[in-house]
Amino acid sequence: MAEDLDFDIDDKDEPRGGLNGQTLAIVGLALALVVSIIFAYRFYSSNKKFKAVDKEQKQAVDSLKGLSSSLKDSVASKTTENEELVKRKFELEDKLNAAEDQRDSVQKLLNNSRYRERRYRLEAARLKKLLEDSEDKVDSLQKAYDEIAAGSGSTLAEYRKQIEQLTTERNSLASQNQSLQAEISKLKDDNKNPLFAESLRVIPGEIQRGRFSPSTRARRTDRLQVQFKLTRASSPEENIVIKLFDATNKEIPLKPSYRNNIGKPTPTNQQFIVEPDVDAKRKFSRGNYSIRMFLTNVNQGINNQSIGIAEFSLR
């Protein structure tokens, strides 16, 4: 009986030794589980941090994308502005070149104008000398003509022919001189408003049915229609006189009534009738005639300055 008890007791000790091994195994598993949990927690924490970092990086990338898009838009806008500026630059350069060309052109015109003024002055001086010489010759021949008016017919005719020729030359020179004086006056800086008669025209004729009718027949002509354009309106101090001359440079008096019509219907464009102040029934004979206009301005020291000349013929 005692032996049985001992056997039982010894048999009971072995399971205790096995229980300790199981406990160790459980403890090891528990430790492994704890370690796994720790690793899992660390992994979770790391993954959470990674996700947070990844989210921040994505936000940063999105922000950079937005910034990049904004920069692209800004670059595109600046590129457009730059293209406009370049275009504007080219336009300004073209305008500058055009302005320089225009300046050069104006300078050339100014130089040409000064050259023409000098040339006109020289030509005007030459014509003035010729005109003075011609007028002296005309006066001399006119005097001789008057002195021998009762003399030989052949001599008288010869003198008359010479006078007519010189008168024609004088009128031509006077017309050229007047044109040059008008050009010089326009070119001079100190005299920008000269008074001259431009496009002076004389139409001989008569009155038919209450109206002026042109005619070149000497036996029918008894008046003249004078047309001209003044370079400007005349002032009250300026007196314009119209004179009529025949082929021998002899003045034919005119009725003074025309003076009331100067300046009408407009201050510059003029057209009126002048009539010879003679008693003869026939006012004109065949031949050449000239109408000359003269200006007098006492305040400026101008006395009988020729401002216009026109010629006409009657048959």
Legend entry - Residue in the range 287-306 that is assigned to a loop (DSSP other than H, G, I, E, B) and closer than 27 Å to Gly210 by Cα present: no
Legend entry - Among residues of the range 95-124, those that are open to solvent by 70 Å² or more (accessible area, probe 1.4 Å) and either touching a Cys at 6+ places or on another chain (Cβ under 8 Å) or of a type in the set (Gly, Ala, Ser) (or both), counted: 0
Inset, instruction - Go through the range 225-242 and give me each residue that's farther than 13 Å from Thr268 by Cβ, touching a strand residue (DSSP E or B) at 6+ places or on another chain (Cβ under 9 Å) and open to solvent by 40 Å² or more (accessible area, probe 1.4 Å). - result: Glu237, Asn239
Legend entry - Qualifying position, being closer than 21 Å to Gln176 by Cβ and hydrophobic (A, V, I, L, M, F, W, C), among Leu109, Leu64, Leu130: Leu130
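Let's see how each residue does on (1) outside any helix (DSSP H, G or I); (2) at positive phi; (3) among the hydrophobic types (A, V, I, L, M, F, W, C); (4) more than 34 Å from the chain's Cα centre (by Cα):
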{"residue": "Val34", "(1), (2), (3), (4)": "no, no, yes, yes"}
{"residue": "Arg42", "(1), (2), (3), (4)": "no, no, no, yes"}
{"residue": "Ser46", "(1), (2), (3), (4)": "no, no, no, yes"}
{"residue": "Val61", "(1), (2), (3), (4)": "no, no, yes, yes"}
{"residue": "Ser70", "(1), (2), (3), (4)": "no, no, no, yes"}
{"residue": "Asn111", "(1), (2), (3), (4)": "no, no, no, no"}
{"residue": "Glu117", "(1), (2), (3), (4)": "no, no, no, no"}
Legend entry - Hey, Ala247 touching a residue at least 24 places away in the same chain (Cβ under 8 Å), in contact with a Gly (Cβ under 6 Å, 6 or more places away or on another chain) and not in a helix (DSSP H, G or I) or not: yes
Inset, instruction - Kindly list, by first and then second residue, each pair from a residue in the range 121-138 that is at pLDDT below 70 and part of a helix (DSSP H, G or I) to a residue that is open to solvent by 70 Å² or more (accessible area, probe 1.4 Å) and not small (Gly, Ala, Ser), limited to pairs with Cβ atoms under 8 Å and residues at least 6 apart or on different chains. - result: Ser134/Glu169
Legend entry - Which numbered condition Thr216 fails, given (1) open to solvent by 30 Å² or more (accessible area, probe 1.4 Å); (2) modelled with pLDDT of 95 or more: (2)
Inset, instruction - Determine which member of the set Asn239, Asn249 is over 15 Å from Pro204 (Cα atoms) and modelled with pLDDT under 90. - result: Asn249
Legend entry - Single condition Leu314 does not satisfy, out of (1) of a type in the set (A, V, I, L, M); (2) more than 17 Å from Thr168 (Cβ to Cβ); (3) in contact (Cβ under 8 Å) with a residue 40 or more places away in the chain: (2)
Inset, instruction - Look through the range 281-299, keep the residues that are in contact (Cβ under 8 Å) with a residue 24 or more places away in the chain and open to solvent by 80 Å² or more (accessible area, probe 1.4 Å), and return whichever of them is farthest from Ile252 (Cα to Cα). - result: Asn299
Inset, instruction - Six or more apart or on different chains, Cβ under 8 Å: which pairs go from a residue in the range 261-280 that's more than 15 Å from Ser234 (Cα to Cα) and touching a residue at least 40 places away in the same chain (Cβ under 8 Å) to one that's among the basic types (Lys, Arg) and assigned to a loop (DSSP other than H, G, I, E, B)? Could you list them? - result: Phe272/Lys264; Val274/Lys255; Glu275/Lys255; Glu275/Lys283; Pro276/Lys255; Pro276/Lys283
Legend entry - Among (1) farther than 15 Å from Leu195 by Cβ; (2) surrounded by 13 or more Cβ atoms within 10 Å (Cβ to Cβ), the one test that Ile262 misses: (1)
Inset, instruction - Might you check whether a residue that is in contact with a Lys or Arg (Cβ under 9 Å, 6 or more places away or on another chain) and under 24 Å from Arg219 (Cβ atoms) occurs anywhere in the range 259-268? - result: no
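The values are calculated or read from the model by the stated rules, or taken from the named source; none is laboratory data. This is a predicted model, so every value here is computed, not measured. So basically every Cβ, Gly included, is an ideal-geometry build from the backbone, and we count neighbours across all protein chains shown. What goes into the accessible areas is simple: the full protein's heavy atoms, side chains included, and nothing from ligands, DNA or RNA. Shrake-Rupley method; radii C 1.70, N 1.55, O 1.52, S 1.80 Å.
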